[in-house]
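Every number here is computed from the coordinates shown, using simple stated rules; none is lab data. Every value quoted in this text rests on a predicted model; they were computed, and no experiment measured them. No Cβ is skipped: glycine too gets one built from the backbone with ideal geometry, and neighbour counts run over all protein chains shown.
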Amino acid sequence: MSIVEQAEVLLVYDKECPACDQYVRVMRVRESVGRFEIINARDDTPVMREITAAGLDVDEGMVLKMGDTLYYGSDAIHALALISSRSGIINKLNYWIFRSRWISGVLYPILRACRGVLLKLLHKTRINNLRIEGRNRF
């Protein structure tokens, strides 16, 4: 049994982002991963306190926690692609694109910028888990 199979896997993202929410809804994590839980980054949870203590800004990237390791932004989407099922066209496409750490690193900032524009158009507030003054809106 691998470490991933033994670990609790948590995906932390902004549920108020329609693009992020849709992405998470279509992703299917392999059953062999074990316990997989989706966490809304806007909720006060132990994992959000851990993410904040690690200095990770969830307005700038999703977080995948596997065991004791936090994967952030492009590393999170890359790791998620590797543990996801290959069933269905969306999951296959996600794996094909994000299985490469390099491609994940190139595409993630573009996707994050698009997310920022979308949330600005929707008048959403930032999560601002790092409590940075003046960063309340997108």
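Listed values, structure above:
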quantity: Point-to-point label distance, THR125-SER32, nm (Cα→Cβ direction, 7 Å offset); calculated: 4.4 nm
quantity: Longest exposed-site-free window of the chain, the sites being trypsin sites (Lys or Arg not before Pro) in a DSSP loop that have at most 13 other C-beta atoms within 10 Å; calculated: 36-85
quantity: nm² value of the averaged projected area, convex hull over the Cα atoms of region 3-121; calculated: 7.1 nm²
quantity: Lysine pair count for the chain [Cα-Cα under 25 Å; pairs on different chains or 8 or more apart]; calculated: 5
quantity: Cysteines having no other Cys beta carbon under 4.7 Å from their own, within the chain; calculated: CYS114
